[in-house]
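Trainee: One structure follows; several queries about it will come next.
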Amino acid sequence: MMTSPGTPIIQRCLRESSSSVSSGDWPRNHVSRKVMGSTESVKVALLFVSMPVGGAEDFLLSASKYMPEEIKARFVCLRSLGVLGEEALAAGLKIDLVPVFPTKRVNPLGMIRLARWFRQNGIQVVHAQSYHDQLFGVIAAKLAGIKSIVHQQKTFLEMKGRKGFFMRHIYRWADHVIALSEETRHDLIEAFQLDPKEVSVIPNAIDPDLFQPAKDRKEVRARLGLSPEGILIGSVASLHPTKNHQATIGAMALLAKKGLPLPTFMLFGEGADRVSLERGIRENNLEGHLVLAGRKRPVAPWIQTLDFFVLASHWEGQPLALLQALECRVPIMASRIEGNTILLGEDHPGLFAPGDHAGYAHLLERAMTEARFRDDILNFQEKLPRPSLPILSQQLGNLYIRLAGRS
C-alpha cells in the first residue's frame, strides 16, 4: 500500500496538526506500547458517518458478537448515531458519537480532531465502510500513526471526477482493503494498483441466531396482525430509486390488466421515494395490494411471514436481505444483477432483468398459480453455499490482530 501522503489536503492536515496539537496530546509511542504487551487487547474503531438501517451496519453489528475475545471494537459515528446506532446503544454496545463531520465538505480540522480521538482512546486499527468515513478515517489514521482498513461494501464501479480522485488515493493509503467477492477484489487491484497480499475477500453474512425458518408461518402472521391466508410477497429495501420499486408497481399493474388475482405485496423500508411510489400505487389502482409498510425492526419475523421474497434493485453490493431470506427459507425472486447473482447464481429460477416488467410479472403470476414454482426455487436455494458469520468474524478479528502488530 502507498504510505506517503502527498495531496494538498493531507499536507494541510499535517501542517495544521503540527501547529494545533502538542506532542503531549499525541505521544508518539502510545500505540506501540499497547501492541507489544501480549496481554493487551486490540482496540478497533468501526467507523461510520451514521448508522441507518443498512447492510454494512447490520453485518458489523452482528459480526462483533463473534469476534475473538481480545478484539475490543467500538462503533464510531462521525455525524449522528442513526437508527441502528440508537438501537445498539440501547442494547448496551459501545457506540461513540464523535461529531467531526457535520456536512459533506472535506474538513481537515475534523480529520485532525478524529486523529486526536483515536490516539486518546488507544485505537490501533480503523475500519471504514463507505466513501466519506473512508476519506476521514484513512487520513485521520495516517495522522494518528495507526493502521486502517477500507471495506468495499459494493460491487466495484468506475469512480470518476473528484470522488474518484480521492478514492484512488484512499485505497492506496489504506493498510488493507476488504472486498465482498473475488471479482470485486480483482477489479480493485487492477483499478488502484493495490498489493494483492493486502486485499482480502470477506463476504457478507447474517446472524444465524436471528434468521431462521418459521416453525408456523400462519402463527407468525397472526402475531404480527396479518391475515394467515393468501399469498404474501415482500421486499426489504429502502424506498430509493436504485431499489427499483417502480418495477414492482409496473409488474403488479400488468397482472391487474390481465384480470389476474393479485397477491398482497409489502415493501418494508423508508426513503425519499415514498411520495412517488404512493402516487404510482394510486394511479395503477393497487391500493390494498401493494403496501408501503414502513421500516420494521426486528425484520426477521416479517421475512418469516412471506411466501416469496423479492429484491428488484438496479444495483446492489452483496445484499444482506437476500441472505436473510435464504436463512428464513423463503423462495426468492430477484433482479439479474451482479450483487444478486453472486449470492444466488446465474441459474436461479427466480431471476428477471431489472427493466423487464413483463418478465417480472410472469414470475409473480407463476408464484400465484404454480405450486411447484415455490418448491423449485426452494430446492435450488437449498444447494447454495451459506457464508458463516462466526468464521468470517474470526477471519476479520485475525486481520485486526495482524495489522495491530500481534500474532
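No value in this document is a laboratory result; all are computed from the given coordinates. Since we're looking at a predicted model, the values are computed, not measured. Virtual Cβ from ideal backbone geometry, glycine too; neighbours counted across all protein chains shown.
Trainee: Which far-off residues, 5 or more places away or on another chain, put their amide H under 5 Å from the one on Ala73, with H placed in the peptide plane?
Mentor: Under 5 Å from the amide H of Ala73 lie the amide H atoms of Val44, each far enough along the sequence or on another chain.
Trainee: Using packing as a proxy for protection, rank 228-238, 196-206, 273-283 so that the peptide with the highest average count of other Cβ atoms within 10 Å comes first. Don't skip to the end; give the middle numbers.
Mentor: Details: 228-238: 19.3, 196-206: 17.5, 273-283: 14.8.
Descending packing order for the listed peptides: 228-238, 196-206, 273-283.
Trainee: Along the Cα→Cβ direction, 7 angstrom out, place labels at Lys163 and Asp347. What is the inter-label distance in nm?
Mentor: With each label placed 7 Å out from Cα toward Cβ, I get 3.7 nm.
Trainee: Let me ask something additional. Run the dipole for region 217-382 about the Cα centre, Lys and Arg Cβ at +1, Asp and Glu Cβ at -1, nothing else charged, and hand back the magnitude in debye, nearest 20.
Mentor: Numbers: 18 positive and 19 negative charges, 113 e Å.
Around 540 debye, computed over region 217-382.
Trainee: Right, something else. Quick one: what are the phi-derived ³J(HN,Hα) couplings along region 351-366, Karplus 6.51/-1.76/1.60 with θ = phi - 60°, whole Hz, x for glycine and proline?
Mentor: 8, 8, 5, x, x, 8, 5, 5, x, 5, 4, 4, 5, 4, 4, 4
Trainee: Here's a follow-up. Can you compute the modelled spin-label distance between Glu219 and Gln246, with each label point 7 Å from Cα toward Cβ, in nm?
Mentor: Using points 7 Å along Cα→Cβ, the separation is 4.4 nm.
Trainee: Can you give the helix-only mean residue ellipticity at 222 nm for the chain, where every DSSP H stretch with n ≥ 4 adds -39500 (n - 2.57) and the sum goes over all residues, rounded to the nearest 500 deg cm²/dmol? The partial results should precede the final answer.
Mentor: Details: 17 runs with 179 residues, N = 407.
It lands at -13000 deg cm²/dmol.
Trainee: Between Leu292 and Ala272, take the C-beta separation as r, use R0 = 22 Å, and let me know the FRET efficiency to the nearest 0.05. Can you show the working numbers first?
Mentor: Working: r = 13 Å, r/R0 = 0.58.
Once rounded, the FRET efficiency stands at 0.95.
Trainee: Among Ile146, Gln304, Asn398, pick out the residue whose Cα is farthest towards the positive end of the charge dipole of the chain, where Lys and Arg carry +1 and Asp and Glu carry -1 on C-beta, about the Cα centre.
Mentor: The residue sitting most towards the positive pole is Ile146.
Trainee: Right, next: Could you tell me how many degrees, from 0 to 90 and to the nearest 10, lie between the Cα long axis of helix 389-403 and the main elongation axis, the longest principal axis, of the Cα atoms of the chain?
Mentor: Compared with the principal axis, the helix lies near 20 degrees.
Trainee: Any idea how far the Cα center of region 122-153 sits from the one of region 329-355, in Å?
Mentor: 33
Trainee: A further question follows. Among 76-86, 143-153, what's the highest-first ranking by average C-beta atoms within 10 angstrom per residue?
Mentor: Working: 76-86: 20.5, 143-153: 23.8.
Result, highest mean first: 143-153, 76-86.
Trainee: Relative contact order of the chain: what whole-number percent is it, with Cα pairs under 8 angstrom and at least 6 residues apart?
Mentor: Working: 721 pairs, mean separation 66.9, N = 407.
Answer for the chain is 16 percent.
Trainee: Taking the Cβ-Cβ separation of Asp356 and Glu198 as r and a Förster radius of 41 Å, what is the calculated FRET efficiency to the nearest 0.05?
Mentor: Values: r = 40 Å, r/R0 = 0.98.
With R0 = 41 Å, the Cβ-Cβ based efficiency is 0.55.
Trainee: Continuing with the same structure: Output the pairs from Lys43/Lys94; Lys104/Lys163; Lys65/Lys197; Lys72/Lys142; Lys163/Lys243 with a Cα-Cα distance over 19 Å in this structure; if there are none, say none. Let's see the in-between values first.
Mentor: Values: Lys43/Lys94 12 Å; Lys104/Lys163 12 Å; Lys65/Lys197 27 Å; Lys72/Lys142 21 Å; Lys163/Lys243 23 Å.
Exceeds cut-off: Lys65/Lys197; Lys72/Lys142; Lys163/Lys243.
Trainee: Scan around Ser148 for amide H atoms under 5 Å from its own, H built in the peptide plane at 1.01 Å from N, and keep only partners 5 or more places away or cross-chain.
Mentor: HN-HN under 5 Å from Ser148: Val126, Asp175, His176.
Trainee: To the nearest 0.05, what FRET efficiency results for Ala371 and Lys258 with a Förster distance of 22 Å applied to their C-beta separation? Walk me through the intermediate numbers first.
Mentor: Working: r = 20 Å, r/R0 = 0.90.
Step by step, r from the Cβ atoms, then E = 0.65.
Trainee: Starting from the Cα of Ala91, step 7 Å along the direction of its Cβ; do the same at Glu283; then give the gap between the two resulting points in nm.
Mentor: 4.0
Trainee: When you count, for each residue, the other Cβ atoms within 10 Å and take the mean per peptide, how do 120-132, 335-347 rank with the highest first? Please report the intermediate quantities before stating the final value.
Mentor: Numbers: 120-132: 22.2, 335-347: 18.4.
Top of the packing list down: 120-132, 335-347.
Trainee: Quick one: putting +1 on the C-beta of Lys and Arg, -1 on the C-beta of Asp and Glu, what dipole do you get for the chain around its Cα centre, in Debye to the nearest 20?
Mentor: 1480
Trainee: Is the shape of the chain best called rounded, prolate or oblate, per the rule: a/c under 1.5 gives rounded, else a/b larger than b/c gives prolate, else oblate, with a ≥ b ≥ c the square roots of the Cα gyration tensor eigenvalues?
Mentor: Working: a/c = 2.17, a/b = 1.99, b/c = 1.09.
The shape class here is prolate.
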